[in-house]
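Here, each number is a calculation from the coordinates, and none is a lab measurement. What you are looking at is a predicted structure, and each value in this text was computed from that prediction instead of being measured. Neighbour counts are summed over all protein chains in view; Cβ atoms, including those assigned to glycine, are modelled from backbone coordinates with ideal geometry.
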Amino acid sequence: MIALGCDHGGFNLISAIKKHFDEQGIAYKDFGTYSEDSVDYPVYACKVANAVVGGECELGILCCGTGIGISMAANKIKGVRAAVVSNDFGAEMTRRHNHANILCMGGRVTSVEDALRYTDIFLNTPEEGGRHDKRVAMLTELDNGITSFD
Ligand code: RB5
């Protein structure tokens with residue numbers, strides 16, 4: 001199950017992603033918003049973040065105008081590794097190396113065609129272990145309150 005969320009600036013991309021998932025038979029839960037009326041992106045970031053860290057959904061996708069604000073909000077929730085993606089390589093590597101669990105994109109900066117491609121890459125790329133496990137564990141330490149590795 002993939003958690004989906006957006007504000008008004010990302011509504012176009014999430015609508016296209018839902019259609020894409022419907023065509024491919026990919027299960028998703030849409031946490032809103034459900035129109036282009038102005039809303040506050042932290043609300044939807046929290047809904048998707050909690051669904052992912054709580055285990056209801058394996059991965060999430062969040063879209064706002066740039067992808068930036070909604071990723072900042074999501075990353076405040078413990079256990080979230082949300083990544084703003086704007087190229088194919090980033091979509092792949094943030095899964096492989098950062099073990100990103102939420103893909104963030106911007107409806108005002110990314111075309112529907114590119115967003116669907118980043119989505120497919122993100123969902124189809126596995127996490128790599130090895131040296132990356134240690135670094136992701138360090139991200140978890142930051143989540144748990146440490147502020148330095150010195
Ligand atoms: C909303 O106008 C806009 O600020 C929001 O979608 C997002 O781009 C923030 O980072």
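Here are some notes:
- Loop-resident chymotrypsin sites (Phe, Trp or Tyr not before Pro) (DSSP state other than H, G, I, E or B) in the range 74-150 with no more than 12 further Cβ atoms inside 10 Å of their Cβ: PHE149.
- Estimated [θ] at 222 nm from DSSP helical runs (n ≥ 4, -39500 (n - 2.57)) normalised by residues in the chain, nearest 500: -14000 deg cm²/dmol
- Computed FRET value (nearest 0.05) for ARG135 with GLU56, which takes r as the C-beta separation and R₀ as 22 Å: 0.25
- P(r), alpha carbons of the chain - 10 Å bins starting at zero, rounded %: 13, 44, 33, 9, 1
- Dipole-positive endmost among THR110, ALA82, ASN144 within the chain (Cβ charges, Cα centre): ASN144
- Within straight-line cross-link reach of LYS78, aspartates and glutamates at Cα separation under 12 Å, skipping those fewer than 8 residues along the same chain: GLU141, ASP143
- Net length available on complete extension from ARG96 to TYR34 is 19.2 nm, with 0.36 nm assigned per residue and the Cα-Cα distance removed.
- Taking the charge dipole of the range 1-132 about its Cα centre, with +1 at Lys and Arg Cβ atoms and -1 at Asp and Glu Cβ atoms, the residue from ALA91, GLN24, GLY130 reaching farthest to the positive side is GLY130.
- Cross-link reach list, aspartates and glutamates versus LYS19, counting only Cα pairs under 14 Å and skipping chain neighbours closer than eight places: ASP30, GLU113, ASP120
- Amide H partners (placed H, <5 Å) of ILE61, local residues excluded: ALA3, LEU4, GLY5, LEU103
- Cβ-derived FRET efficiency at R0 25 Å, ASP143 paired with ALA27, nearest 0.05: 0.35
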